[in-house]
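The structure appears right after this line, and notes come after that.
The numbers here are math on the coordinates, done by the rules we state, and not lab data. The shown structure was predicted, so the numbers you read here are calculated from the model rather than taken from an experiment. Cβ atoms come from the backbone with ideal geometry, glycine included; neighbour counts cover every protein chain shown.
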Amino acid sequence: IKEQNALCYYFKEHNIYYLSLNMFTENAIKQIEQLLKKSQQHASKGLILDLRNNSGGLLNAVVDIAGMFLEKGSLAVETKDRNGKVIDQYI
């Protein structure tokens, strides 16, 4: 069974890519990498990343996917305990 977590459309009339991600998994990382490579074939104006109805998933997948869009060295995720104390930071 092939797992499909990302869906991408190219709106030619607006020159924009739309990417929907429904779960953060290891497979989603590979799918997004492939879709981003494909989107770079066109000099598009932008990319819409739709995370609505995303059911969550693996923290390492979130960090890896965020790293595709954030500047190098940026804070991607911060975890806190119930008192608000920072437990971990992922850059």
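Using 0.36 nm times the number of residues separating Lys37 and Val63, minus their current alpha carbon distance, what extension gain do you get? Present the calculation step by step, with values, prior to reporting the outcome.
Numbers: separation 26, 0.36 × 26 = 9.36 nm, distance 1.90 nm.
Gain on stretching Lys37 to Val63: 7.5 nm.
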Quiz item: Which whole-Hz ³J(HN,Hα) couplings does the range 51-67 yield from phi under the Karplus relation 6.51 cos²θ - 1.76 cosθ + 1.60, θ = phi - 60°, glycine and proline marked x?
Solution: 10, 4, 6, 7, 8, x, x, 7, 4, 5, 5, 4, 4, 5, 5, 4, x
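If you average the sequence gap of Cα pairs under 8 Å that are 6 or more apart and divide by the length of the chain, what percent do you get for the contact order?
Once divided by the residue count of the chain, the mean separation gives 24 percent.
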Quiz item: In a Debye calculation with equal point scatterers on the alpha-carbon sites of the chain and no solvent, what is log10 I(q)/I(0) at q = 0.10, 0.16, 0.17, 0.22 Å⁻¹?
Solution: -0.31, -0.72, -0.80, -1.15
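In the chain, what is the count of Lys pairs whose alpha carbons are under 18 Å apart, counting only pairs at least 8 residues apart or on separate chains?
Values: Lys2/Lys30; Lys12/Lys37; Lys12/Lys38; Lys12/Lys45; Lys30/Lys38; Lys37/Lys45.
Taking the Cα cut-off of 18 Å, the pair count is 6.
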Self-check item: Length-normalised contact order of the range 20-69 in % [C-alpha pairs under 8 Å, at least 6 apart]
Solution: 64
Self-check item: FRET E, pair Lys30, Arg52, Förster distance 22 Å, beta-carbon r, rounded to 0.05
Solution: 0.50
Exercise. Please determine, in degrees from 0 to 90 and to the nearest 10, the orientation of helix 26-39 with respect to the longest principal axis defined by the Cα atoms of the chain, where the helix direction is its Cα long axis.
Key: 40
Quiz prompt | Efficiency of FRET from Cβ geometry, Lys12 and Tyr90, R₀ 30 Å, rounded to 0.05 | solution = 0.25
Quiz item: Pick from Leu36, Leu19, Leu49: which is most flexible by mean-square fluctuation in a GNM of the chain where alpha carbon atoms under 10 Å apart are linked?
Solution: Leu49
Quiz prompt | Derived scalar couplings ³J(HN,Hα) [the range 6-14; Karplus, 6.51 cos²θ - 1.76 cosθ + 1.60; whole Hz; x for Gly, Pro] | solution = 10, 9, 10, 10, 10, 8, 4, 5, 10
Quiz item: Any idea which of Met68, Gln34, Tyr90 is furthest toward the positive side of the dipole for the chain, if Lys and Arg beta-carbons carry +1 and Asp and Glu beta-carbons -1?
Solution: Gln34
